[in-house]
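Take a look at the structure set out below.
Readers should treat all values here as calculations from the given coordinates under stated rules, not as data from a laboratory. All figures in this text were calculated on a predicted structure; none of them were measured in a lab. Here the Cβ positions follow ideal geometry from the backbone for every residue, glycine too, while neighbour counts run over all protein chains shown.
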Amino acid sequence: MNDYSDRRQSIRYEVITEVGLTSSAGHTKVHTRDLSKGGLCLMLPAPLPRNEIVKIELSLLLGPNAQSEPLVLAARVAWCAPETQDQFQVGVSFHDLNEDHQTHLETFLEFLRQGFEVGAGDQPQ
């Protein structure tokens, strides 16, 4: 079978949390749909062009009262698809991650592998 899910290199975890996004359209706060070692899926009010390089500001939530300093990650838009008339799913792949960023992501993903749940409701106010 040759569909997109067969080409994924990393397990994706459903994680709904707020991230900062800087793109050609400006800076905004958006929500994630899922996260993996290689990238994430964002929910946006407007489409982004394929191959655009964007900046993601991701704070890893490691517990109810524990949050990392924001990681600023470059990512490339891999795909964009309408979810509804005014909402789009945008898949991005991380671009040029340094070793520190990879380590932080691996730590967070290990929490998810162990069943730790993270959602938008866990965001500190």
Those residues of segment 86-109 whose amide nitrogen sits under 20 Å from the label point placed on Ser10, 7 Å along Cα→Cβ:
89-109
Would you mind checking the radius of gyration and Dmax of segment 20-109 based on alpha-carbon positions, in Å?
12.9, 39
